[in-house]
Structure formats: C-alpha cells, structure tokens
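The values are calculated or read from the model by the stated rules, or taken from the named source; none is laboratory data. Every value quoted in this text rests on a predicted model; they were computed, and no experiment measured them. Cβ: placed from backbone, ideal geometry, glycine included. Neighbour counts: every protein chain shown.
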Amino acid sequence: MNRPYFRMTAGFLFFLSLFCSFSLAAEEPDSGSMPCMVETSLWMIANLLPDPPDFYQLCLGYQLDEKNSIFLNGITWKYSAPLGIPMWDPSFGSPDEEYPGFVRGFGLGVGYQRFVWKGLFASLYAVPFMQNFYTSDDQRIQSGFQLYLQAQLGYQINFLHGRFFIKPAIYMNYWPINTNFPDAFQQKENNWPNYQPFEPHLNIGFRF
C-alpha cells in the first residue's frame with residue numbers, strides 16, 4: 001500500500017471534514033423513527049491505489065436512545081508493516097520496516113457510542129481478528145489472533161433530516177493480544193509499540 005500518499009490524502013479529508021463539522025449546525029435525528037444505522041469508511045478509496053490495502057468495513061448500529069448506540073463492526077484489511085509505526089514518524093511507509101510478506105486480517109467486533117454534546121461523540125470498540133500471514137509471493141505461512149481495541153472521539157454531521165451522516169473522528173488503537181507471528185515478521189514488530197495513538201478516520205452512513 002502507498003502509505004505516505006494515503007496518509008496525506010486521509011489527513012486532508014479528515015481535517016476538511018472536521019472544519020465543516022464545527023462550521024455547520026448539525027441536524028438532530030429522530031432516533032425513534034430511524035433507530036438503525038449502516039456506516040462504512042471513506043478510507044476504502046485507498047483500494048483504488050496501485051498497491052491496495054484490501055480494506056473494507058461495514059458497521060451496523062442501533063440507537064438505544066438520543067445519546068447511546070451499539071454497533072456490530074465487520075472489517076477486513078491487508079497490511080505489510082507493523083501497525084504501531086506512528087503516522088508522523090519518518091519510518092512510516094519506509095520499505096525498511098516492511099515484513100517479508102503481508103498480513104491479511106478478518107475481524108468482527110462490537111462497539112458502544114455515546115453523544116456527549118450535540119454531535120460530539122465518544123466510542124469504544126473491541127474487534128477480534130483472525131490473521132493469516134503470507135510471503136511476498138502470496139504463499140500462506142500460518143495464522144494468528146489479534147484483539148484490536150479502539151477509543152474514538154469525533155463529531156457527527158447529519159443531513160436530510162438525519163437520514164445521512166458523516167463522522168470525522170480521531171482513533172486511539174491498542175492491540176494487547178497479537179499471536180503467532182512468523183519469526184521474520186516478529187523481528188519487525190519488536191521495533192514498534194502495540195498501539196497507535198492518533199489515527200484520523202472519516203465514516204459515512206445512513207439511518208433507516
């Protein structure tokens with residue numbers, strides 16, 4: 001994946017959306033008439049790059065009341081370097097930090113979101129991943145398990161009477177469990193932490 005280019009594009013879209021969030025008055029959706037939600041990540045545009053991450057997300061939600069919602073979150077992705085490399089570090093995107101292959105993960109988890117002030121929200125997610133490890137020529141080596149935890153802080157902008165929305169947010173990621181890495185992959189992992197403290201995201205979705 002062309003990570004530096006993706007970082008630049010993601011950062012621009014995120015901060016543009018964040019500016020719009022605080023510049024526009026958010027509509028208040030009617031949670032009683034449209035309690036169900038479907039959302040996904042705009043970062044899936046990275047799949048159009050020459051070396052795509054094969055990143056796909058589908059998140060199903062249900063709004064319990066005006067402030068609280070629960071989610072079922074399905075994600076799959078491919079990555080070729082440790083997730084703990086900070087996005088602002090010069091090593092981010094460096095070929096020297098890449099595995100001798102790549103990891104493909106499939107995850108299904110749950111989340112909880114609470115609005116704290118108008119469109120401002122905080123969320124917690126836990127996503128267990130089954131991970132497959134591959135050589136650079138697409139030969140599967142072995143499999144492992146990852147528990148991926150996220151804390152999110154963002155702002156939701158609603159459109160068309162709350163039926164559609166966008167959600168720019170900052171994610172703080174932590175994976176306390178990350179098992180069965182091949183030795184050559186683990187050597188790269190050992191150089192970096194098991195957390196990513198700042199990751200911009202931009203989700204879109206609709207209610208029904």
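Brief remarks follow.
- Selection from region 135-154 of residues that are over 18 Å from residue 197 (Cα atoms) and under 22 Å from the mean Cα position of the chain (by Cα): 143, 144, 145
- Of all the numbered requirements in (1) of a type outside the set (Val, Ile, Thr); (2) under 26 Å from residue 176 (Cα atoms); (3) modelled with pLDDT of 90 or more, residue 43 misses one, and that requirement is (3).
- Condition met for residue 132 (of a type in the set (S, T, N, Q), part of a strand (DSSP E or B) and at pLDDT 95 or above): yes
- Subset of region 88-124 [under 22 Å from residue 187 (Cβ atoms), among the small types (Gly, Ala, Ser) and assigned to a strand (DSSP E or B)]: 101, 105
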